[in-house]
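The values are calculated or read from the model by the stated rules, or taken from the named source; none is laboratory data. Every value quoted in this text rests on a predicted model; they were computed, and no experiment measured them. Heads up, the Cβs are rebuilt from the backbone with ideal geometry, glycines too, and the neighbour counts pull from every protein chain shown. The accessibility values were calculated without ligands, DNA or RNA, using every heavy atom of the protein model including side chains. Shrake-Rupley method; radii C 1.70, N 1.55, O 1.52, S 1.80 Å.
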Amino acid sequence: MIVKSRKKSLELQILSYLYNRMEFSEKYLSRLHALQKGYEGEALFESYIEQLQNNYLVLSDLFLQVNSTSFQLDCVMITDEKIFLYEVKNYEGDYFYDPKQDRISSKSKEITNPLPQLIRAETLLRQLLQTHGIRLPIVYNVVFVNPEFTLYNAPKDKPFIFPTQIQRYLKQFNNYSINQLNKNRFVAEKLLSLHTSDSKFWEIPPYEFDDLKKGITCEVCFSFRTSVKGYSCICIECGHSEAISIALTRCVEEFKLLFSEDKITTNVIFDWCQGIVSRKTILRILESNYTKVGKTRSAYYK
Ligand SMILES: [Zn+2]
């Protein structure tokens, strides 16, 4: 039972929107790729967990704090007896394990060994639970989720689950679900209530409204070469057609996330769309999809 599912993080959403609308330096580009890759890996692992025939409690992507130390958990599964903690890695390609230095590297780069990070998370989670009087054994594993991942010289004594082992590993959880009482539901609820925002760790480039590229992007190919015909927004690049109300709402949501402090008005959205949608249509869509605040000329929507 998925209690908290994995969604695209706000940082990833903001970076994806900005990437379309401004030039990215190498730093933000690699941040965007890392977040996207991580998201895909964790979503894939969650899809495997979802197929399990049991009612264990699963929480994805938790951001927690204990004694002002922050830590992030990719996936937590709570049974009546234990807590299973998973660090999900979406590395792709051939990697080598160096037992002397306890390092993982590919031909082109070295990656941070995920195990120390996971052990740290386990310790902090245990401390956090103890402060709330919860004492449950925690079992932790690193899951290499990408089917294209190979680790040469892989150590047998580490809690690593490789792509070819995931299904076999998860099968064990299909077995003893009958007696599951969910007596630890309060643990899931506690973790959920302690989940906080990770926004102070975001890496977002500085941006201003005036500097961003304006227009409605195609939802399929992200091209700005779109035009409005009747009630449709048509992509000149790939031919995709989307109802104008949906395309514009998508565009407004993008604006809302990027400029959360700013007010949504017909004029602002008109500029944001590069004027390809008439003010009349914008007004109609704002009226039907958002709540109007105020009645005068300074009215806005939220
Ligand atoms: Zn397109």
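Here are a few things to note about the model shown:
So that you can scan it fast, the table gives a plain yes or no per residue for (1) more than 18 Å from residue 269 (Cα to Cα); (2) within 16 Å of the ligand (Cβ to nearest atom); (3) open to solvent by less than 30 Å² (accessible area, probe 1.4 Å):
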position	(1), (2), (3)
155	yes, no, yes
161	yes, no, yes
171	yes, no, no
203	yes, no, no
206	yes, no, no
212	no, no, yes
217	no, yes, yes
225	no, yes, no
234	yes, yes, no
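- Considered as a group, the residues in region 248-258 that are open to solvent by less than 50 Å² (accessible area, probe 1.4 Å) and closer than 14 Å to residue 214 by Cα include one that is nearest to the ligand (Cβ to nearest atom), and that residue is 251.
- Residue 270, sole failed condition from (1) modelled with pLDDT under 95; (2) open to solvent by 40 Å² or more (accessible area, probe 1.4 Å): (1)
- Qualifying residue in region 106-115 (condition: more than 28 Å from residue 205 (Cβ to Cβ), open to solvent by less than 60 Å² (accessible area, probe 1.4 Å), of a type outside the set (Ser, Thr, Tyr) and part of a helix (DSSP H, G or I)): yes
- Take the conditions (1) in a helix (DSSP H, G or I); (2) in contact (Cβ under 8 Å) with a residue 60 or more places away in the chain; (3) touching a Phe, Trp or Tyr at 6+ places or on another chain (Cβ under 8 Å); residue 251 misses just one of them, which is (2).
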